[in-house]
Ligand code: ADP
Ligand code: ADP
């Protein structure tokens with residue numbers, strides 16, 4: 001588990017665009033924080049900086065008690081799930097889920113154990129030999145989540161993970177996410193457009209606009225003081 005400290009974080013893209021401005025957020029160990037705000041306000045950029053996929057232009061990010069600059073992306077204990085799933089189309093569910101473990105040279109016996117654990121957790125048993133094209137949207141989304149969870153991340157970054165699903169499945173996956181968070185107790189930052197999702201899932205909600213943090217608080221604090 002890990003806490004995150006974003007201290008005066010700024011992002012300027014190479015074209016000069018100032019996408020994130022003086023962002024200060026403290027995320028405590030095991031907290032579920034939702035990041036909301038209009039399209040283009042800097043949510044994905046923020047997640048990508050935390051994951052180490054994008055440089056921080058100014059400011060400091062602490063992961064646990066270490067400055068992020070000192071930790072390569074692969075050693076951050078952070079896993080990210082993208083809106084678009086980004087599954088490998090030619091690989092089976094099993095190969096997709098265990099890919100990251102193979103990269104880390106985790107022995108086969110442990111890979112199998114972890115695979116079975118997430119198949120069980122995410123209700124994917126029996127689908128291990130299918131390819132992504134042979135799955136429903138919800139199943140694909142769960143595979144993408146499984147691929148992140150097998151890595152035992154301290155921090156899980158979810159970028160609109162339910163946005164490609166139909167309404168019914170979204171509600172079902174919302175419940176599953178809540179259950180998974182309870183069980184794993186990892187720190188989660190969850191980017192969503194969906195107010196109801198942010199309300200039901202989060203310990204706190206951070207509202208961004210034009211690259212700035214406008215508000216941060218519990219769901220009732222945010223929606224009683226709009
Ligand atoms: P989405 O969040 O809809 O999946 P992206 O994350 O790919 O889309 O992009 C988010 C926004 O950033 C879009 O408005 C896109 O036009 C813009 N964007 C992405 N990459 C670049 C880039 N290299 N240069 C300028 N704008 C970009
Ligand atoms: P959100 O996730 O809130 O939709 P993003 O973080 O994707 O927003 O983008 C924030 C802003 O930064 C947008 O205006 C977007 O167009 C811009 N942007 C994103 N990626 C790039 C890039 N590579 N170069 C320049 N601008 C970018």
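Only the coordinates and a few stated rules stand behind these numbers; no lab work does. On a predicted model such as this, the values are computed, not experimentally measured, just so you know. Please note: Cβ atoms are built from the backbone with ideal geometry, for glycine as well, and neighbour counts cover all protein chains shown.
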> Residue separation times 0.36 nm, minus the C-alpha to C-alpha distance between residue 84 and residue 28: what's the value?
Replying inline: 17.4 nm
>> To check my understanding: the extent here is largest minus smallest coordinate of the Cα atoms along each principal axis. What are those three numbers for region 58-202, in Å, largest first?
In response: 44, 41, 26
> Which order do peptides 80-86, 66-72 fall in by mean Cβ count within 10 Å, highest first?
Replying inline: 80-86, 66-72
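What's the Kirkwood radius of region 110-190 in Å, using all Cα pairs? The partial results should precede the final answer.
Numbers: mean 1/r = 0.0761 Å⁻¹.
Hydrodynamic radius (Kirkwood, Cα pairs) of region 110-190 is 13.1 Å.
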>> At R0 = 35 Å, how high is the FRET efficiency between residue 112 and residue 175 if r is their beta carbon distance? Nearest 0.05 is fine.
In response: 0.80
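Please list the three semi-axes, largest first and in whole Å, of the ellipsoid equivalent to region 34-134, using sqrt of 5 times the eigenvalues of its alpha carbon gyration tensor. Write out the running numbers ahead of the final one.
Working: eigenvalues 182, 70, 27 Å².
Semi-axis lengths for region 34-134 are 30, 19, 12 Å.
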>> Could you work out the relative contact order of region 17-101? I mean the mean sequence separation of Cα pairs under 8 Å and 6+ apart, divided by the number of residues, in percent.
In response: 18 percent
> Using 11 Å as the cut-off for backbone N distance, which residues of region 1-35 belong to the label zone defined by a point 7 Å from the Cα of residue 55 along Cα→Cβ?
Replying inline: 12-14
>> How tilted is helix 137-149 with respect to the longest principal axis of the chain? Cα atoms for both, answer in degrees (0 to 90, nearest 10).
In response: 80 degrees
> Over the chain, what is the percentage of antiparallel beta bridges among all DSSP beta bridges, to the nearest 5?
Replying inline: 50 percent
